[in-house]
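Engineer: Below is one structure. I have some questions about it.
The values are calculated or read from the model by the stated rules, or taken from the named source; none is laboratory data. Only a predicted model underlies this, so the values are computations on that prediction, with no experimental measurement involved. Ideal geometry is used to build each Cβ from the backbone, glycine not excepted, and the neighbour counts take in all protein chains shown. Areas reflect the complete protein model, heavy atoms only, side chains present, ligands, DNA and RNA absent. Shrake-Rupley method; radii C 1.70, N 1.55, O 1.52, S 1.80 Å.
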Amino acid sequence: MNVVPGIATDTWTVAGRTFTSRLIVGTGKYKSLEENAAAVAASGAEIVTVAVRRVNISDPGQPMLTDYIDPKKVTYLPNTAGCFTADDAIRTLRLAREAGGWNLVKLEVLGEAKTLYPDMRETLKATEVLVKEGFEPMVYCVDDPIAAKQLEEAGAVAIMPLGAPIGSGLGIQNRVTIRLIVEGAGVPVLVDAGVGTASDAAQAMELGCDGVLMNTAIAEAKDPLLMARAMKAAVESGRLAYLAGRMQKRRYADPSSPLAGLI
Amino acid sequence: MSDNPTLVISVNGEPRSVAGGSSISEMLATLGLDPRKVAVERNLEIVPRATLADVAVVDGDAFEIVHFVGGG
């Protein structure tokens, strides 16, 4: 029997953990925790990024993210958003590990507030320290194939280049370099940042990425739940198209109907 | 005079006071926080959750108490 490869049998593995969904979603910028949880469910994501922040000690009874998105059902990926030095990022992730008890984390060390571009010198330094401490960092980085390789050598368990600045929704601006990183990497590659709409996510997957990480594209859509569904479908479509292998491009037309037998 | 004078500490950058002789667990309870949902740093050192009940708060301690919030 000719079995059509189903998306359900197509998995990816990071640091020994296997997932079916190739879409990782952020949990920031939502209007409410209810909407956030509903969007995560609609996206089908099995991993969500979360930030580590001070508890509001003036109002300790405030609802918590963990009350709405169950860390036992969805893998929490603590991030270091807002950290501009390796030391701050390491400190944040040590706290995250204590709060959650796991080693799989998202490292991002930012260079400046305007572009939120990664500071690769600090990022590499933080990666080395975190790996020594037993962390398994998935690392937000520039779209530089050499820097990506250096991160991998330092022990990054996934390479996550930006497709465009964080929160910009500009789409994948760097298809050539993302593709070069994918070809050279021995660990999963995920586009992290830049996706604005479904076709951007599909494009990232068509380039051969193992997954896509996004937040604003869903949270700031007019209907976040509908966009979450769109992104789920787009990531699956892009993945299937990549597996299928696209046709060659031609410079001119090539008719699809036979030329023989024309009346 | 009490044998356990009140301790003045800093929690997330704000001054707070707790009864002398309190453990970190007791301090969290005073603040209304569930120790299972937070992580505690004391004077820049992580306090493992398993030891929160054993570590005594010392006058002048600076605590950071964090949890997970939405983020991208």
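Engineer: Of the cross-linked pairs A:222/A:249; A:125/A:232; A:106/B:37; A:72/A:232; A:29/A:125; A:29/A:73, which ones have a Cα-Cα span greater than 25 Å in the structure shown? Spell out each step's value before the answer.
Structural biologist: Details: A:222/A:249 35 Å; A:125/A:232 34 Å; A:106/B:37 20 Å; A:72/A:232 21 Å; A:29/A:125 30 Å; A:29/A:73 22 Å.
Violating the 25 Å Cα-Cα cut-off are A:222/A:249; A:125/A:232; A:29/A:125.
Engineer: Moving on. Test of understanding: extend the Cα→C-beta vector of residue A:41 to 7 Å, then name every residue of segment A:67-90 with backbone N under 13 Å from that spot.
Structural biologist: Only A:68-70 fall inside the zone, counting backbone N under 13 Å.
Engineer: Pick from A:179, A:54, A:121: which residue has the top mean-square fluctuation in a GNM of chain A where Cα pairs under 10 Å get a spring?
Structural biologist: Comparing A:179, A:54, A:121 in a Gaussian network model of chain A, the most mobile one is A:54.
Engineer: How large is the Rg to Rh ratio of chain A when both quantities use alpha carbon positions and Rh follows Kirkwood?
Structural biologist: 1.02
Engineer: Step through the residues of segment B:32-39 one at a time and calculate ³J(HN,Hα) from phi using the Karplus curve (6.51 cos²θ - 1.76 cosθ + 1.60, θ = phi - 60°), rounding each to whole Hz and writing x for Gly and Pro.
Structural biologist: Working through the residues one at a time gives x, 10, 8, x, 6, 10, 10, 10 Hz.
Engineer: Please compute, for peptide B:37-49, the average count of beta-carbon atoms on other protein chains lying within 10 Å of each residue's beta-carbon.
Structural biologist: Working: counts 7, 7, 10, 4, 4, 0, 0, 1, 1, 5, 1, 1, 3.
Per-residue shielding by partner chains comes out at 3.
Engineer: Which shape class applies to segment A:8-102: rounded if a/c is under 1.5, otherwise prolate when a/b exceeds b/c and oblate if not, where a ≥ b ≥ c are the square roots of the Cα gyration tensor eigenvalues? Could the numbers behind the result be given before it?
Structural biologist: Working: a/c = 2.04, a/b = 1.24, b/c = 1.64.
It is oblate, given that a/c is not under 1.5 and a/b is not larger than b/c.
Engineer: Please list, in chain and number order, the residues 5+ apart from residue A:74 or on another chain whose amide H is under 5 Å from its amide H, with Hs placed from the backbone.
Structural biologist: none
Engineer: Another one. Is there a simple number for the mean count of other chain Cβ atoms within 10 Å of the Cβ of residues in B:60-67, and what is it?
Structural biologist: Numbers: counts 0, 0, 0, 1, 5, 7, 10, 15.
Partner Cβ neighbours, averaged per residue: 5.
Engineer: Also, quick follow-up: For segment A:68-84, just list the computed ³J(HN,Hα) in residue order, Karplus coefficients 6.51, -1.76 and 1.60, θ = phi - 60°, integers in Hz, with x standing in for Gly and Pro.
Structural biologist: Result, rounded to whole Hz: 10, 10, 6, x, 7, 9, 10, 6, 7, 10, x, 10, 10, 3, x, 8, 10.
Engineer: How much mean residue ellipticity at 222 nm does the protein assembly as shown get from its helices, if each DSSP H run of length 4 or more adds -39500 (n - 2.57) and you divide by all residues, to the nearest 500 deg cm²/dmol? Don't skip to the end; give the middle numbers.
Structural biologist: Details: 10 runs with 105 residues, N = 335.
Rounded to the nearest 500, the figure is -9500 deg cm²/dmol.
Engineer: Counting only C-alpha contacts under 8 Å and six or more residues apart, can you give the relative contact order of chain B as a whole percent? Write out the running numbers ahead of the final one.
Structural biologist: Working: 110 pairs, mean separation 27.7, N = 72.
Relative contact order, chain B: 38 percent.
Engineer: Still on this model: Answer rounded, prolate or oblate for segment A:43-84, using the Cα gyration tensor with square roots of eigenvalues a ≥ b ≥ c: rounded when a/c is under 1.5, else prolate when a/b is larger than b/c, else oblate.
Structural biologist: Working: a/c = 3.22, a/b = 1.26, b/c = 2.54.
Here segment A:43-84 falls in the oblate category.
Engineer: Let me ask something additional. Would you grab the residues whose amide H sits under 5 Å from the one on residue B:12? Only those 5+ places off in sequence or on another chain, please, with H modelled 1.01 Å from N.
Structural biologist: B:63, B:64, B:65
Engineer: Here's something else I'd like to know. How big a patch of accessible area, both sides summed and in Å² to the nearest 100, lies buried between B and A at a 1.4 Å probe?
Structural biologist: Rounded to the nearest hundred, the buried surface is 2500 Å².
Engineer: Quick one: of the DSSP bridges fully inside segment A:76-180, what percent are antiparallel, nearest 5? Can you show the working numbers first?
Structural biologist: On the way: 1 of 9 bridges.
Here the share of antiparallel DSSP bridges comes out near 10 percent.
Engineer: Next question, about the same structure. Among A:190-202, A:122-134, A:38-50, how do they line up by average Cβ neighbours within 10 Å per residue, starting with the highest?
Structural biologist: Numbers: A:190-202: 24.9, A:122-134: 19.0, A:38-50: 22.5.
My ranking of the peptides, most packed first, is A:190-202, A:38-50, A:122-134.
Engineer: Which whole-Hz couplings ³J(HN,Hα) result when phi for each residue of segment A:54-59 is put into the Karplus expression 6.51 cos²θ - 1.76 cosθ + 1.60, θ = phi - 60°, listed in order with x for Gly and Pro?
Structural biologist: 4, 5, 7, 6, 6, 9
Engineer: Sticking with this structure for a sec: Using only the alpha-carbon atoms of segment A:126-202, report the extent along each of the three principal axes, biggest first, to the nearest angstrom.
Structural biologist: 38, 23, 16
Engineer: Now, a different point. Can you list residues whose amide H is under 5 Å from residue B:72's amide H, if they're 5+ apart or on another chain and H is modeled 1.01 Å from N?
Structural biologist: A:27, A:28
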